[in-house]
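The values are calculated or read from the model by the stated rules, or taken from the named source; none is laboratory data. Treat the numbers as computed from the prediction; the structure is a model and nothing was measured. FYI the Cβ positions are ideal-geometry reconstructions off the backbone, even for glycines, and counts take in every protein chain you see.
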Amino acid sequence: MAQKAVDMYNKDDSSFYPKPIGTSAVKPNNRIDYHTHANFLKMLNGEGLNNLFKRWHVSFCRRLEALQIGTGWIGGQDLEDFWTMHLTAALNEAMSGPVLERVNANFTRDFVDYLPYVHKLMMGLPKWTMPRAYALRDSLIRDVKTWHNLARENFHQSEVEKDGGADRWWGLATMRERQEILKEVDDWDQDSIACSDFGLLWGANVNVHTAAIWMIIEIFRDPDLLIRVRSELDTMTESPENHCRWIEKLMELPLLQSIYAEVLRLRVDVQTVFRNNLDDIRVNEWVFPKKSLLLVPTRPAHRDEDYWNTRHGRYPLDRFWSDRFLAYAGDAESGPSKHNNRRQETIKHELVISKAKPKFITAGTSDSWIPYGVGDRACPGRFFAQREIVAFCAIMVQNFEIELPSLSTEEHVLNNDVFYGLGVQRPKAVMPFRIRRLQRPQ
């Protein structure tokens, strides 16, 4: 992005709230932070969220059918790369429509190859140290610009879908609305808008798919856990064709939700950024001057021995435990915290009285489970991320058998710390796999 366009971000001190900070002199059209954040919230909440999930679900299932995975075993060399390709293609299509893959048939391959480079690019390493990273970035931005040009030339209001407002050229209505927002910013041109949309697609894809793949790694490597998850999913009566009702019911399944929460506790290492332009920042006994930049890592909180329940060391915090977030009736030592806070105790008491099944709980974890950050700047995509992760897991478990021959049930799968601080960590080792369609008794 041109420096003059970047400068407009730096000059925007008006906040991302509807009402600008009183001391700010930024013109309304240049309030990039507020306008883009409001656009994110519209895309990722309420009807926008439902529409995005439905579009992703339809696209992913269509791509899954095209793979023609039968009842005979087929193999692959890299589980993460294999599924990242299909999940990425589905999400990009759900957000921006089908044009990108028509502009460049290799767009998804190039996009996925680019994802790991961004961490090094953020360090400001020069082009000669990683020419492929720069070449991929420039090529992908050109593809996005070509998509924009085609959409501007061909979009017609009559093509807007009545249900959700999407169209085949821009994709989501909120993607179309972004164009109107960003073209009004001073010193921004079509190149700047293309860079911004490319950054949006990167941010949408970079973490969620890896988290989804971690879920199936943990489930399929443990035969007993796989049986439990399949049994829980068999209680579902809602059809996947009812996309939004189906995912809402999936997110009520306690074991599935506990696995989701535990994967994020174990596999997310992110630096939450705090900054206040108006007032000093106070953290316990420390005072940081206004405009200070504070980075708060999640790992100390996610692996705090004083907080998390380990069943007296049976399930250490550097290992995956599927039931860490489950409360069981009559089991005083169940639940995420080793210290039974009032809310956790109330839930357990209710379970005893009702003789209910285990309950997924995050009560009391708000300061210790922070995979999406905290406060008003928490990840706006967290609600969609949860839906994709859980839906992908359910689809895999209910329809396929997957073998990971390089892993034993007991073996701990290490994170690749190259990505430390920037979200969901990748598996350190490449994972060969075998897959076939699940044959259910008639």
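So that you can scan it fast, the table gives a plain yes or no per residue for (1) part of a helix (DSSP H, G or I); (2) exposed (fewer than 13 other Cβ atoms within 10 Å of the Cβ); (3) more than 29 Å from the chain's Cα centre (by Cα):
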residue: Lys4; (1), (2), (3): yes, yes, yes
residue: Met8; (1), (2), (3): yes, no, no
residue: Ser14; (1), (2), (3): no, no, no
residue: Gly22; (1), (2), (3): no, yes, yes
residue: Asp33; (1), (2), (3): yes, no, no
residue: Thr36; (1), (2), (3): yes, no, no
residue: Asn39; (1), (2), (3): yes, no, no
Notebook entry, point to check: Can you name the condition, by its number, that Val26 falls short on among (1) more than 25 Å from Ile389 (Cα to Cα); (2) assigned to a helix (DSSP H, G or I)?
Noted result: (2)
Next item on the list: Tell me which of these Val160 doesn't satisfy, since it passes every other one: (1) on the phi < 0 side of the Ramachandran plot; (2) within 25 Å of the chain's Cα centre (by Cα).
Entry: (2)
Notebook entry, point to check: Which members of region 272-318 meet the condition of being of a type in the set (A, V, I, L, M), surrounded by 14 or more Cβ atoms within 10 Å (Cβ to Cβ) and more than 20 Å from Ser337 (Cα to Cα)?
Noted result: Ile281, Leu294, Val296
Margin query: Going through Phe392, Phe400 one at a time, which residue ends up being modelled with pLDDT of 95 or more and surrounded by fewer than 17 Cβ atoms within 10 Å (Cβ to Cβ)?
Written below: Phe400
Margin query: Just to verify a result, which residue in region 65-89, among those that are under 20 Å from the mean Cα position of the chain (by Cα) and of a type in the set (A, V, I, L, M), is surrounded by the fewest Cβ atoms within 10 Å (Cβ to Cβ)?
Written below: Met85
Check: Only one of (1) part of a helix (DSSP H, G or I); (2) over 25 Å from His35 (Cα atoms); (3) of a type in the set (Gly, Ala, Ser) fails for Gly199. Which number is that?
Finding: (2)
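Okay, residues lined up against (1) at pLDDT below 80; (2) touching a helix residue (DSSP H, G or I) at 6+ places or on another chain (Cβ under 6 Å); (3) buried (at least 20 other Cβ atoms within 10 Å of the Cβ); (4) in a loop (DSSP other than H, G, I, E, B):
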| site | (1), (2), (3), (4) |
| --- | --- |
| Phe320 | no, yes, yes, yes |
| Gln344 | yes, no, yes, no |
| Glu350 | yes, no, no, no |
| Thr365 | no, no, yes, yes |
| Met396 | no, yes, yes, no |
Check: Can you tell me which residues in region 95-133 are touching a strand residue (DSSP E or B) at 6+ places or on another chain (Cβ under 7 Å) and either surrounded by fewer than 14 Cβ atoms within 10 Å (Cβ to Cβ) or assigned to a helix (DSSP H, G or I) (or both)?
Finding: Met95, Ser96, His119
Next item on the list: Being over 15 Å from Ala391 (Cβ atoms), in contact (Cβ under 8 Å) with a residue 60 or more places away in the chain and in a helix (DSSP H, G or I) is the filter here, so list the residues in region 52-80 that pass it.
Entry: Leu79, Glu80
Note to self: Six or more apart or on different chains, Cβ atoms under 7 Å: show the pairs whose first residue is in region 282-299 and within 21 Å of Phe419 (Cα to Cα) and whose second is among the aromatic types (Phe, Trp, Tyr).
What the structure shows: Leu294/Phe274; Leu294/Phe288; Val296/Phe274
Notebook entry, point to check: Does region 143-156 include one or more residues that are hydrophobic (A, V, I, L, M, F, W, C) and under 25 Å from the mean Cα position of the chain (by Cα)?
Noted result: yes
Margin query: Cβ contacts < 6 Å: first residue closer than 16 Å to Met251 by Cα, restricted to region 216-237; second residue acidic (Asp, Glu) and in a helix (DSSP H, G or I), any location; separation 6+ or different chain. Result?
Written below: none
Notebook entry, point to check: Which one is nearest to the chain's Cα centre (by Cα) among residues in region 249-303 that are over 28 Å from Asp234 (Cα atoms) and among the small types (Gly, Ala, Ser)?
Noted result: Ala301
Notebook entry, point to check: So which of Val6, Val58 ends up being modelled with pLDDT of 95 or more, on the phi < 0 side of the Ramachandran plot and of a type in the set (A, V, I, L, M)?
Noted result: Val58
Next item on the list: Please enumerate the residues belonging to region 141-172 that are more than 12 Å from Asp197 (Cβ to Cβ), assigned to a loop (DSSP other than H, G, I, E, B) and hydrophobic (A, V, I, L, M, F, W, C).
Entry: Phe155, Val160, Ala166, Trp169
